[in-house]
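Student: Please read through the structure below; I'll follow up with questions.
Bear in mind that the values in this text are calculations on the coordinates, not laboratory data. Owing to the predicted nature of the structure, the values given are computational and were not obtained by experimental measurement. A quick note on method: Cβ atoms are made from the backbone with ideal geometry, for glycine too, and the neighbour counts reach across all protein chains shown.
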């Protein structure tokens, strides 16, 4: 069984390496074409909307403002802060 495993590894290793290289290239291409926008903190969102952080939290509770929750923290996309 060990000889068979060694033979399979020898045959498959170049194929696997080729696939890894292709995945890496595709990943880099996707990242380059679709940059992720910077998510803003509650404080940054409040500054941008010229209001208090409590107003930001209130708007989120009412559903007036979208946010992404990461643990107990809120993050806001720049496009979500357009009034």
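Student: If you take the residues of the stretch 53-83 that are under 17 Å from the mean Cα position of the chain (by Cα) and assigned to a loop (DSSP other than H, G, I, E, B), which of them is surrounded by the most Cβ atoms within 10 Å (Cβ to Cβ)?
Tutor: Selected residue: 67.
Student: Among the residues of the stretch 26-52, how many are loosely packed, with under 10 Cβ neighbours inside 10 Å and either part of a helix (DSSP H, G or I) or in contact with a strand residue (DSSP E or B) (Cβ under 6 Å, 6 or more places away or on another chain) (or both)?
Tutor: Final tally of qualifying residues: 3.
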